[in-house]
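The next block holds one structure in the form of structure tokens; read it before the comments.
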Amino acid sequence: MLDAAEAQRVEWQGQAVHAARDSMFLGAGVSVGLRFPGRTAFQLSTSLGRSAGVAVFRTEVAARFHLVSTWRRRTALYGLAGLAFEYGGGRQGKELMLISLGLESRPVLGLRWFVESGLGGGYRLAAGVRIIT
């Protein structure tokens, strides 16, 4: 039987993203996602940052699979896979593949922190806070 809180579906997040490669991206943004009962979630994120000295937008579309429910533990490990797109500064856009591992906390005052590390246009590191409504 699912907890009433676990059946909630929409999540919002604020995040900072760093992707290191030949031109480093560093930015901050927001995300909206759908969390399904169980272990899967889909998210759409957009961030504004700088890469090679110019302003760049980064959009990510990803799916997450939580290995353990955070309702039963303090933190839970998850895998993330998807696509990222970077565009701006008069340059042609870049399409990038994402693959990361993440760690998410159990809700505290309605908030969950998370950190992700993996690949997405070079080494990718993301951290932030999620609110599930």
- Message: If a residue must be out of contact with any Ser or Thr (no Cβ under 7 Å at 6 or more places or on another chain) and either at pLDDT 85 or above or not β-branched (V, I, T) (or both), how many such residues does the stretch 65-78 contain?
- Response: 8
- Message: Suppose we filter the stretch 88-111 for residues that are of a type outside the set (A, V, I, L, M) and either modelled with pLDDT of 90 or more or not in a strand (DSSP E or B) (or both); how many remain?
- Response: 10
- Test: G121 is of a type in the set (G, A, S), part of a loop (DSSP other than H, G, I, E, B) and in contact (Cβ under 8 Å) with a residue 24 or more places away in the chain: yes
- Hey, can you tell me all the residues within the stretch 21-53 that are of a type outside the set (K, R), surrounded by fewer than 17 Cβ atoms within 10 Å (Cβ to Cβ) and at pLDDT 90 or above? L26, A28, V30, V32, L34, T40, F42, L44, T46, L48
- Message: Contact list please: Cβ distance under 8 Å, first residue in the stretch 34-56 and among the aromatic types (F, W, Y), second residue at pLDDT below 90, pairs at least six apart or on different chains.
- Response: F36/R9
- Item | Top-ranked residue of the stretch 68-118 - restricted to ones that are within 21 Å of G14 (Cβ to Cβ) and of a type in the set (V, I, T), ranked as surrounded by the fewest Cβ atoms within 10 Å (Cβ to Cβ) | V108
- Task: Test each condition in (1) among the small types (G, A, S); (2) out of contact with any Lys or Arg (no Cβ under 9 Å at 6 or more places or on another chain); (3) modelled with pLDDT of 90 or more for A81 and report the one that comes out false.
- Result: (2)
- Message: Criterion first (among the β-branched types (V, I, T), modelled with pLDDT of 85 or more and either closer than 15 Å to A127 by Cα or in contact with a strand residue (DSSP E or B) (Cβ under 8 Å, 6 or more places away or on another chain) (or both)) does V56 satisfy it?
- Response: yes
- Query: If you check F85, F114, F57, which single one turns out to be in contact with a Phe, Trp or Tyr (Cβ under 6 Å, 6 or more places away or on another chain) and in a strand (DSSP E or B)?
  - Reply: F57
- Task: Taking V68 as meeting all but one of (1) in a strand (DSSP E or B); (2) touching a strand residue (DSSP E or B) at 6+ places or on another chain (Cβ under 8 Å), write down the number of the exception.
- Result: (1)
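The values are calculated or read from the model by the stated rules, or taken from the named source; none is laboratory data. Not measured: the values here are computed from a predicted model. Ideal geometry is used to build each Cβ from the backbone, glycine not excepted, and the neighbour counts take in all protein chains shown.
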